[in-house]
Amino acid sequence: MTLIDHLPVLLVAGPIVASLLTLVAGWHDRRLCYPIALAAVLGEFAAALVIFRQVMGGGTVRYDVGGWAPPMGIELVIDTFGGFILATIMLLALMTTLYAFRSVTKEIPTEKTVSFYVIFQVLLAGLIGMTITGDVFNLYVFLEISSIAAYTLISATRKPHAYVASYNYLVLGSIAAGFILLGIGNLYVATGTLNMAELAAMLPGSYDLATVHAAFLFLIIGFSIKAAFFPLHLWLPDAYTESPSAVTVLIATVMAKVSVYALFRFLFSVFTLAYITEIYPVTGVVLLIATIAIVAGAILAIAQDDLKRLLAYSSVSQIGYIMFAVGVANQIALEGGLLHILGHAVMKGCLFMVAGLIIYQTGTARLSELGGIARKMPLSCAAFALAGASMIGIPPTIGFMSKYYLVLGAFEAGLWPYAAVLLVGSLLAAAYIWRFIEIAYFGGHHDEHHRTEIREGPASMLAPALGLSLLCLLLGIFVAVPLEAIGLAVAQLLGGA
Amino acid sequence: MRENVVIRTVVRLAVPFIQIFALYVIVHGASGAGGGFQGGVVFASSFILMTIAFDLAYTRRRIGSRGTMICSALGIAIYEGVGILCILYAGNYLEYGVIEAALGIPHLHGYLIDLVEAGIGITVMAVMTSIIYDMANRGGRSA
Amino acid sequence: MIEAFSELFFARYNYWMAIILMLIGLYALIAKQNLVKKIIGLNIFQTAIFLFYISVASVEGGTAPIYLPDGASAVYVNPLPHVLILTAIVVGVSITAVALSLVVRIYEEYGVIDEDELKEAVRGR
Amino acid sequence: MRKKALLAVLFIGIILFWAVEDMPAFGDPESRAARHTGAMYIERSYADVGIDNIVTAILASYRGFDTFGEVVVIFTAGMSVILLLRREGRL
Amino acid sequence: MIWELDFALLLFMICCAIAAINVRDLVHATIILAGYSLIMTVLWALMNAVDVAFTEATVGSGITTVLFIAAIARTTRSSSD
Amino acid sequence: MPDVSGLLPAVTIAIPLLAAVLILITGRHENLRETATIVAALAMLGSVASMLPSILDGGRVTLVLLPMVPGGDLALRVDAFGMVFALTAAALWLLNSFYAIGYMRALQEHAQTRFFFCLAVAIAAAIGIAFSANLLTLFVFYEILTVITYPLVVHIETPEAMKAGRKYLAYLLVGGIFLLAATVLTYILTGTTDFVPGGFLAGSGAALTLQILFGLFLVGFVKAAWMPLHAWLPAAMIAPTPVSAFLHAVAVVTAGVFGIVRVAGWVFGMPLMASLGLGVVLAVIASLTIVTASLFALAEDNLKRRLAYSTVSQLSYILLGVSMLSVAGMTGAMAHIPFHAFMKITLFFVAGAVIVSAGRERISDMKGLGHKMPVTTLMFAAAAIGICGLPPLCGIISKIYLAIGAVEGGMPILLLVLIASAVLNAAYFFPIIYTMLVDRPADPHALDAVSEPPLTMLVPIVLTAVISMLLFFFPSVPFMDLVRIAIGEITTGVVP
């Protein structure tokens, strides 16, 4: 056994070690925190890539923690889907960490930076754990790790409103966690196992039990709250708006995506496609709600004056796109959904980074005060425009590709009206993205003299934003690269394995 | 106040017993009810008792924020260390069996579990104490 | 009819009570105005779920899952839910601690721990 | 608010009571949970791990990773309270 | 296990829970919650879950109560509902 | 003739993109920046022209850029019809660049770097549309064109401009959505979106489905500005004149009609369209647009807006040609694309020259301008004559084909439309010429400071007018030849 074989568990243990190191080193010298965090994330990113390659080359990677074979022990499983998500979130985590340095220096009180970076690492560990675990209860534990870390990080700025946002998130998140725990309990009662693969194998024998259906409902409700699927998104706008910029980027991209991943995992790997379409058909309802989410989220976004809040509601709408794929539930649509997980992470990460840059430089995110900001911060706004174009779905960006797949999937399934609403949704996206573009590029001649001191943000924050915006374009043009993994992943999901 | 003296004396007497009991609970985890978590909490409760009977400053002299910080890290480090050690002995993470097999010491598996439980206990004790410190500290720079 | 009911009742009243407790906790968590009350509700909700798990684990005539000496054979209750719940209890207390810290901070910032008043205070700032 | 809460609670309650109908009876030794993994642990844990307390054996060995997560949760909670409440000191 | 005792404890717990969320004094509510946890401990001990019962005894009626009291001491103990 | 695989199509698109990057880099140094524009324009024209011989031989240049999504790779294919559009756009971009440089410098406009950057990307998108090998590629470039022209439309950044920009974007993005839906539907029906001469949709779905599909396409190509979806075009007149010229002649509306012709000839095919009765629908829309837009133009006092309505009306000639579903009609439609472009750009150049030299936009303010700007006015008169369909300008050629097509296609009533339109054209153009040449301003000294525009503007005006005239005498070089090849492609064997 070489070290490579232990990478799955090291991916979780690594950030924990790093957080301990951060704590001890930070106690002596606060400046050591960031280098440790960055090195750790770099290492995890590399490890994630190695695992991803391994998965693409040799199929699913399995690791029995403690050497106990499932169902007695806990198994870590990384299949194509997991590897894909792992690579995605680690990419975003790396970008966020690069971005975080200046942002944290400015927004977090100096004496809190140590605990901030410690919890930051723990959050990552929890999210990675959720991604790679093959055991449902283990997933719950990691979910709670990441949740607690997130509750805290949201209020790390010590702004009064942030505490309220964090508290509300905690209440809803705990309800969600309780539901998930209940769902896992019901699954356990019905089958007597906690291992995902075994659950998938044993559940068909219990499909007639109400217990299984209840478990399904609880899990789907619980993870929908976590993933902020409309109308259970109530915690999201405040949480995204009030948290420090770096944390917003992290929870809006990495954490949101992992929650969606967990939902997909349960829907397709634990319960199977047959279950959600035939035995307990929820796809129709999911499709309906997803469509409503797309429209409602976008309309709410249009009504906002705060840039971060606008983007937060846009996330509600975009989660709808991903759930739309579940509703359609065929190969093409799910490919679109998975592509949108990647694409939305990249573009929303970029957009929130720019929002953070603007707050960093101007101290405000109110659209009405940002007239003509593009003349002062041309690069940031260019990044915003590019990522925004992707959000609208203008070809050849990644956002277009995923929407194209979704529409294609919907058409193929004969769901014309839903496809139409999806397209309308992208128009609404144009409306809210364009509000900012108009104001930033063509607005505010009158108050120009006030803001002569505003300049482009620091390079360490700008570079990740620009990188992600370019990635929106590159991923769109070379969409075949992620699609190779996605196609496999969807085939595995639909195959029930 | 008069009662205070009684309380303090009792607490002073009780604390060592509580702490010994906590250690017993941690070790007893292998053969009966108990374990690292419960033991850690019991241990922390001895500090809580001290805080109630005396004040925060008194307890802080026993174990300060540096102590809680180091202990909370130490506990996890022990856990991680055992896990990684198993990897070094060519097993999986937390596969105690390989160490037992490699060193040839019987019942080592059980002892390693005790070690891990001790790690849990240390972290829980430190974290609980730390939380109580922060909760009980009413602002200002007192304590 | 009555027999069927009593069968149902005796076989599962433990779950029912757990569910009623869950619902009480959930109701408090959603409907109570006081932030601390919400956390009390959360605690009730969680412990009720734990009760549900432990009820699942219990086995008629079983004994605690600790091996009897001398290899005496016995019926043991299912140990796995106990393990899960040990973990979950820790998670529960962690969440309680974080939640209470947040309540303390909110009170320090706004001077209220009532949700409606808090909403007004937030809007007022 | 109250009405909404009651409605939500009612909804959840209905699902829960519905689920209970199909559950094994309380204390049923033949339940799937007890027969499958439960029995496996009881059978094998002493031979595998060598300690009397099955719960501890599972906790620390079979499901050691969960417990590791549990410790991390506690640690996170401690750091969270430090970040939220502590005003002095280095952290 | 004697089901009458079990049932009585469960009923009493429900009473405790309802009381805990309806008492207007938060300290009282906390104490009732501690009582609730204590009964839960007994119940779990009756169900042969000794480890869990031990944990609940230390955590549920121990640490949790202390945390609540500490938090209430720093905020306010009266509640409007 | 075999399809040749070659890099040239991609190079042609890359040149303006490269120029765009250079423009951004050299933004601070005006002369360098504009050198980049001009050099790129020349290089692109050369690159397009270098493909001409093989196209005229009936060959095609193909290139698959990237695998993209089911429904089509990102692929380019240069055929005769694409060449018509590309050549027009490339030639006019060169002239328009000179003109824009003169115009922007004369008015000392702000944000010129952004302006030239967007123009360069937009022309790349236009060429991309011309060279698209399938619907998906066409859609990609179509959307890029929509977005990148927005900053051009709102260039002056006043509230009215923003409003106009919003209208522009709303219409075109909605159109884009419809086009996307149509593309996806085509793919679902047939499993491909590659253009096939003569169409590939026949027999792939129920009549109603295909009719709806055509409706989607029609709304999708809202850039063709047919009524009642034309409102964005007059609104966009708020933009600087080079942009208007660009919208009306070089790229945007041309892209719209190009798309419709492409869909009619290469996706549906004329026999299918005839059997679905789509020709009649299109004919009604086109006729109504032609007449109504001409009437609107009559009522308009702002020169640029009058020209805009004239464009709306003239573009529908192309739709009309398509609707006839006959060889002659199609020929007229295709030929009208370049011919109208050359004439209309002349008119816009003149309108811009008047703004630069005299600062006037309203026709009633232009009394006597002709004496101060004789060359410009002359060119205007020439182009106007051409638009009305009189010799010796190229406009008459396409119109004759259209007239033949109307008779050939069994819709002689369309002749009436053509005649009515010619009369109306004359009715809204000749008063302008009269005002400029004959009328005298109320204040005789008002025009003292007015003179001919700078050479960078005057030369393009003259050149476009002269080319329009040359095209009358030598129509087959190269446009009519290309059109003939294209017609040959789509009607091989099946002449309706």
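Read-outs throughout are calculated quantities, based only on the coordinates presented, and are distinct from any laboratory measurement. A quick note: this is a predicted structure, and the numbers were derived from the prediction, not measured. Glycine also receives a Cβ, built like all others from the backbone with ideal geometry; neighbour counts cover every protein chain displayed.
Most fluctuating residue of E:Leu43, E:Leu26, E:Leu11 in a GNM of chain E with Cα springs under 10 Å: which is it?
Greatest mean-square fluctuation among the candidates belongs to E:Leu11.
Suppose every Lys and Arg Cβ carries +1 and every Asp and Glu Cβ carries -1, with no other charges. What dipole size does the stretch B:2-136 come out with about its Cα centre, to the nearest 20 debye?
Details: 7 positive and 8 negative charges, 148 e Å.
In total the dipole reaches around 700 debye.
What does the charge add up to near A:Ala429, with Lys and Arg as +1, Asp and Glu as -1, over the other residues with Cβ less than 14 Å from its Cβ?
Working: positive: A:Lys348, A:Lys403, A:Arg435; negative: F:Glu143.
Residues close to A:Ala429 contribute a combined charge of +2.
Considering the Cα positions of the stretch D:28-85, please state its Rg to one decimal place and its Dmax as a whole number of Å.
Rg, Dmax (Cα atoms, Å): 16.3, 50.
Beyond a 23 Å Cα-Cα separation, which of these cross-linked pairs lie in this structure: F:Lys304/F:Lys344; A:Lys226/A:Lys308; F:Lys163/F:Lys344? Walk me through the numbers on the way to the answer.
On the way: F:Lys304/F:Lys344 11 Å; A:Lys226/A:Lys308 19 Å; F:Lys163/F:Lys344 25 Å.
Exceeds cut-off: F:Lys163/F:Lys344.
Quick one: which of A:457-468, F:409-420, F:175-186 comes out on top by average Cβ neighbours within 10 Å, and what's the full order, highest first? It would help to have the intermediate numbers written out before the result.
Numbers: A:457-468: 20.8, F:409-420: 16.1, F:175-186: 25.2.
The packing order, highest mean first, is F:175-186, A:457-468, F:409-420.
What whole-number volume per residue, in cubic angstrom, does the convex hull of the C-alpha atoms of the stretch B:2-136 give?
Roughly 106 Å³ of hull volume per residue.
Among B:Met125, B:Met50, B:Met69, which one shows the highest mean-square fluctuation when chain B is modelled as a Gaussian network with alpha-carbon springs under 10 Å?
In this elastic network of chain B, the residue with the biggest mean-square fluctuation among B:Met125, B:Met50, B:Met69 is B:Met69.
Quantify how strongly other chains surround peptide B:118-130 by giving the mean number of their Cβ atoms within 10 Å of each of its Cβ atoms.
Per residue, the average neighbour count from other chains is 5.
What is the sum of charges, Lys and Arg at +1 and Asp and Glu at -1, for the other residues whose Cβ falls under 15 Å from the Cβ of B:Ile78?
Combined, the nearby Lys, Arg, Asp and Glu give -4.
Scan around F:Ser132 for amide H atoms under 5 Å from its own, H built in the peptide plane at 1.01 Å from N, and keep only partners 5 or more places away or cross-chain.
Amide H to amide H, under 5 Å and 5 or more residues apart or across chains, F:Ser132 pairs with F:Arg77.
Going Cα to Cα from A:Lys112, which aspartates and glutamates come in below 15 Å? Please leave out same-chain ones fewer than 8 positions away.
A:Lys112 reaches A:Asp29, B:Asp134, D:Glu88.
Could you let me know the centre-to-centre spacing of the stretch A:58-96 and the stretch F:111-133, using Cα atoms, in angstrom?
45
How would the protein assembly as shown be classified by its alpha-carbon gyration tensor: rounded, prolate or oblate, with rounded meaning a/c under 1.5 and the a/b versus b/c comparison settling the rest?
prolate
What are the DSSP H helices in chain C that stretch 30 Å or more along their long axis, judged by alpha-carbon atoms, and whose average Kyte-Doolittle hydropathy comes to at least -1.0?
Details: long enough: C:2-31 (38 Å, 1.39); C:35-57 (33 Å, 1.58); C:80-110 (45 Å, 1.60).
Qualifying helices, which must be both long enough and hydrophobic enough, are C:2-31, C:35-57, C:80-110.
Apply the Debye scattering formula to the stretch A:294-497, with a single equal point scatterer on each alpha-carbon and no solvent, then give log10 I(q)/I(0) at q = 0.09 Å⁻¹.
-0.35
Hey, got the average number of other protein chain Cβ atoms within 10 angstrom for residues in A:421-427?
3
How large is ³J(HN,Hα) for each residue in the stretch A:314-327, as worked out from phi by the Karplus curve 6.51 cos²θ - 1.76 cosθ + 1.60 (θ = phi - 60°), to whole Hz, x for Gly and Pro?
4, 4, 4, 5, 6, 4, x, 4, 5, 5, 4, 4, 4, x
Dipole of the stretch B:2-136 (Lys/Arg Cβ +1, Asp/Glu Cβ -1, origin at the Cα centre): which of B:Ala101, B:Met125, B:Gly81 lies farthest to the positive side?
Most positive-ward Cα: B:Met125.
By average Cβ neighbour count within 10 Å, what is the ranking of F:472-478, F:234-240, A:66-72, F:330-336 from highest down?
F:330-336, F:234-240, A:66-72, F:472-478
Assign one of three labels to chain A, namely rounded, prolate or oblate, based on the Cα gyration tensor with a ≥ b ≥ c the square roots of its eigenvalues; rounded applies when a/c is under 1.5, prolate when it is not and a/b is larger than b/c, and oblate otherwise.
oblate
Cut-off is 10 Å between beta-carbons; in what order do A:Ile148, A:Ile433 appear when sorted fewest neighbours first?
Fewest-to-most Cβ neighbours within 10 Å comes out as A:Ile433, A:Ile148.
Looking at D:Val55, B:Tyr111, F:Leu455, which one has the Cα that reaches farthest to the positive end of the dipole of the protein assembly as shown (charges on Cβ: Lys, Arg +1; Asp, Glu -1)?
Comparing the listed Cα positions along the dipole, F:Leu455 ranks first.
What is the mean number of Cβ atoms from other protein chains located within 10 Å of the Cβ atom of each residue in peptide B:18-29, rounded to a whole number?
Numbers: counts 0, 0, 0, 0, 1, 0, 0, 2, 0, 0, 2, 9.
Shielding by partners across B:18-29 averages 1.
Which whole-Hz couplings ³J(HN,Hα) result when phi for each residue of the stretch F:53-62 is put into the Karplus expression 6.51 cos²θ - 1.76 cosθ + 1.60, θ = phi - 60°, listed in order with x for Gly and Pro?
x, 5, 5, 5, 7, x, x, 9, 9, 10
Can you sort F:Trp93, F:Trp232 from fewest to most other Cβ atoms within 10 Å of each residue's own Cβ?
F:Trp232, F:Trp93
Treating only the Cβ atoms of Lys and Arg (+1) and Asp and Glu (-1) as charged, compute the dipole magnitude of the protein assembly as shown about its Cα centre; round to the nearest 20 debye.
Rounded to the nearest 20 debye, it is 3740 debye.
Which cross-chain or sequence-distant (5 or more) residues have an amide H under 5 Å from the amide H of A:Asp64, H modelled 1.01 Å from N in plane?
The answer is A:Leu76.
Ratio of chain F's C-alpha Rg to 2.2 N^0.38 Å, to two decimals? Can you show the working numbers first?
Working: Rg = 21.3 Å, N = 496, 2.2 N^0.38 = 23.3 Å.
So chain F has a normalised radius of gyration of 0.91.
Just the number, please: Stokes-Einstein D of the stretch B:87-143 in µm²/s, Kirkwood Rh from C-alpha pairs, 10 °C, 1.306 mPa s.
Approximately 113 µm²/s, per Stokes-Einstein.
What's the local net charge at A:His28, with K and R +1, D and E -1, over the other residues with C-beta under 13 Å away?
Values: positive: A:Arg30, A:Arg31, B:Arg66, D:Arg90; negative: A:Asp29.
Residues near A:His28 contribute +3 overall.
Could you pull out every residue, at least 5 positions away or on a different chain, whose amide H is within less than 5 Å of the one on F:Ala446? Hs are placed 1.01 Å off N in the peptide plane, and Pro or chain starts have none.
Long-range HN contacts for F:Ala446: none found.
Whole angstrom only: what separates the Cα centroid of the stretch F:395-446 from the Cα centroid of the stretch B:31-66?
Going from one Cα centre to the other spans 98 Å.
Under a point-charge model restricted to the Cβ atoms of Lys and Arg (+1) and Asp and Glu (-1), what is the dipole moment magnitude of the stretch A:294-497 relative to its Cα centre, in debye to the nearest 20?
Rounded to the nearest 20 debye, it is 160 debye.
Work out the charge dipole of the stretch A:294-497 with +1 on the Cβ of Lys and Arg and -1 on the Cβ of Asp and Glu about the Cα centre, then indicate which of A:Val407, A:Leu475, A:Ala296 is farthest towards its positive end.
Of the candidates, A:Ala296 comes out farthest on the positive side.
For the stretch D:10-26, in order, what is each residue's ³J(HN,Hα) by Karplus, 6.51 cos²θ - 1.76 cosθ + 1.60 with θ = phi - 60°, in whole Hz (x at glycine and Pro)?
Values, residue by residue: 4, 4, 4, x, 4, 4, 5, 5, 4, 5, 5, 3, 9, 7, x, 4, 4 Hz.
If packing is taken as the average number of other Cβ atoms within 10 Å across a peptide's residues, how do A:331-343, F:99-111 rank, most packed first?
Final packing ranking: A:331-343, F:99-111.
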